[in-house]
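All remarks here apply to the structure that follows.
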Amino acid sequence: MSEDLMQGEDLDGQVEALQGKVKLLLMLLMVTLLVAAGAGGYAFMSTKALTQEVGDVKEVVAKRAAGVEKALPEMEAGARHVGTIHPLGNFVVNLLDPGNVRYVNCRIEVEVEDAATVKEITARDALFKDAVISLLGNQTYEDLLGIEGKAQLREELMVRFNRMLPSGQIARVYITEFVVQ
């Protein structure tokens, strides 16, 4: 009889141990389900935000594409005399994009009518380079996106450059290399 009681107590201990293991497995299952639900929710929200961002970029591109004809009037002018091309150099500048570390790597060249203007530019080389860096450093990726963005950059640079010249004028600004990362 004492052996039967011992086996019954042993059986109760085993049942309790199994119940503990079942509870542990249920808790692990619940935690796994919660983690999976959280990951799924995060993926859903990230996809939704990304879709919105893509839509915003498409809208910007569409707006800028509408102004392409306006941005490149020199294409309609036909053949013209090309003056002296003077390179200002390569520029690597961080863009003004909060939250993103982006930079632009570009090469700027200017077209002038005569050699005297090239001498004026060379004498003010630091001013011209500072103007390029200052302007690029205050641009965002969206500002430089597409043909219209680059045309706007050319126009702004030409205005700034011509203000710095006491005599002579810059006829055109060329962006001969342009990479944004």
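The values are calculated or read from the model by the stated rules, or taken from the named source; none is laboratory data. Quick caveat, the model's predicted, so the values are computed rather than measured. Backbone-built Cβ (ideal geometry, glycine too); neighbour counts: all protein chains shown.
If you filter segment 167-181 down to residues that are of a type outside the set (A, V, I, L, M) and part of a strand (DSSP E or B), you find that the one that is nearest to L144 (Cα to Cα) is F178.
Tally time: how many residues in segment 93-110 are charged (D, E, K, R) and modelled with pLDDT of 95 or more?
Step one: list which residues in segment 93-110 are charged (D, E, K, R), which gives 97, 102, 107, 109.
If we keep only those that are modelled with pLDDT of 95 or more as well, we get 107, 109.
Qualifying residue count for the region: 2.
Each residue in segment 132-166 was checked for being under 19 Å from I85 (Cβ atoms) and outside any helix (DSSP H, G or I), and 1 of them qualify. Per the conditions (1) surrounded by 10 or more Cβ atoms within 10 Å (Cβ to Cβ); (2) aliphatic (A, V, I, L, M); (3) modelled with pLDDT of 85 or more, the sole criterion not satisfied by V60 is (3). Scanning segment 116-126 for residues that are crowded, with 18+ Cβ neighbours inside 10 Å, farther than 18 Å from V179 by Cβ and touching a helix residue (DSSP H, G or I) at 6+ places or on another chain (Cβ under 8 Å) turns up at least one hit.
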